[in-house]
1. Over the heavy atoms of H43, what accessible area does a 1.4 Å probe trace out, to the nearest 10 Å²?
2. Tell me, what ³J(HN,Hα) does each residue in the range 49-54 have, in order and in whole Hz, if you take phi through Karplus 6.51 cos²θ - 1.76 cosθ + 1.60 with θ = phi - 60° and put x for Gly and Pro?
3. Return the calculated 222 nm mean residue ellipticity for the chain, to the nearest 500 deg cm²/dmol, obtained by summing -39500 (n - 2.57) across DSSP H runs with n ≥ 4 and dividing by the residue count.
4. For R83, what accessible surface area do you get with a 1.4 Å probe? Give it in Å², rounded to 10.
5. Using a ≥ b ≥ c from the Cα gyration tensor of the chain (square roots of the eigenvalues), is it rounded, prolate or oblate, where a/c under 1.5 gives rounded and otherwise the larger of a/b and b/c decides, a/b for prolate?
6. By accessible area of protein heavy atoms, probe 1.4 Å, what ranking do C119, C68 get, highest first?
7. Provide D13, D185, D176, D42 ordered by accessible surface of protein heavy atoms (probe 1.4 Å), highest first.
8. Once you put a point 7 Å from the Cα of M178 and another 7 Å from the Cα of N133, both along the Cβ direction, what distance in nm separates them?
Amino acid sequence: MTTEEHVVLVDGDGNALGTAPKTSVHGHETPLHLAFSSYVFDHEGRVLLTRRADHKITWPGVWTNSCCGHPLPGEPPERAVLRRLSYELGLRAEHADLMLPTFAYRAVMGNGIVEHELCPVYRVTVDAPVTPNPEEVGEVLWMPWKEFVEGVRRGLLAISPWCREQVPLLAELGADPMTWPPAPDTALPPAARV
């Protein structure tokens with residue numbers, strides 16, 4: 001018997017308010033909850049983009065950053081990143097670097113479904129082949145970071161709303177993703193410091 005996955009609900013200051021089943025928090029009245037985004041790079045500085053599986057509840061079939069997800073209650077976000085990279089993309093990574101500790105967004109789909117997340121952003125570097133899980137990922141594409149940033153900046157790429165907001169913030173950290181300075185874990189919102 002499997003137990004239903006829960007997410008951590010948070011207030012506007014990033015304090016934990018409790019938990020809720022993951023299946024109940026993506027609808028028309030989505031409460032603010034803890035999540036993460038990650039950007040996977042290879043040693044050539046290319047970023048791994050993924051197209052969300054067509055049956056996903058939020059933004060199905062849309063291109064986005066490498067991997068997103070939700071830390072389980074009591075799970076450090078970095079560990080959640082590594083867990084989801086393994087599950088969604090078959091990637092084994094030793095660590096994830098915190099880049100944007102307090103990123104948050106709210107986005108509404110055309111059908112009224114809302115994403116509302118406090119979503120720290122991580123960088124991961126890998127040197128291994130990708131094996132997408134079709135339950136999560138429809139397609140993958142490696143793209144030079146500079147080309148991706150330019151495409152986002154000029155509005156040439158149809159990507160998820162959170163990715164569209166995150167890319168300019170990451171680009172401000174420097175032209176070369178390999179030289180971005182990680183933020184300390186102490187910069188995470190209180191609910192993510194576990």
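The values are calculated or read from the model by the stated rules, or taken from the named source; none is laboratory data. Quantities reported herein were computed from a predicted structural model and do not represent experimental measurements. Note: ideal-geometry Cβ built from the backbone for every residue, glycine included; neighbour counts use all protein chains shown. In case anyone asks, the SASA skips ligands and DNA or RNA and just uses the protein heavy atoms, side chains included. Shrake-Rupley method; radii C 1.70, N 1.55, O 1.52, S 1.80 Å.
1. Surface accessible to solvent at H43 totals approximately 130 Å².
2. So the Karplus estimates, Gly and Pro as x, are 9, 10, 9, 4, 4, 5 Hz.
3. Numbers: 3 runs with 33 residues, N = 194.
Taken over the chain, the calculation gives -5000 deg cm²/dmol.
4. 70
5. Details: a/c = 1.38, a/b = 1.25, b/c = 1.10.
Rounded, since a/c falls under 1.5.
6. Numbers: C119 0, C68 30 Å².
Accessible-area ranking of C119, C68, largest first: C68, C119.
7. On the way: D13 125, D185 90, D176 70, D42 15 Å².
Final ranking, largest accessible area leading: D13, D185, D176, D42.
8. Output for this residue pair reads 3.0 nm.
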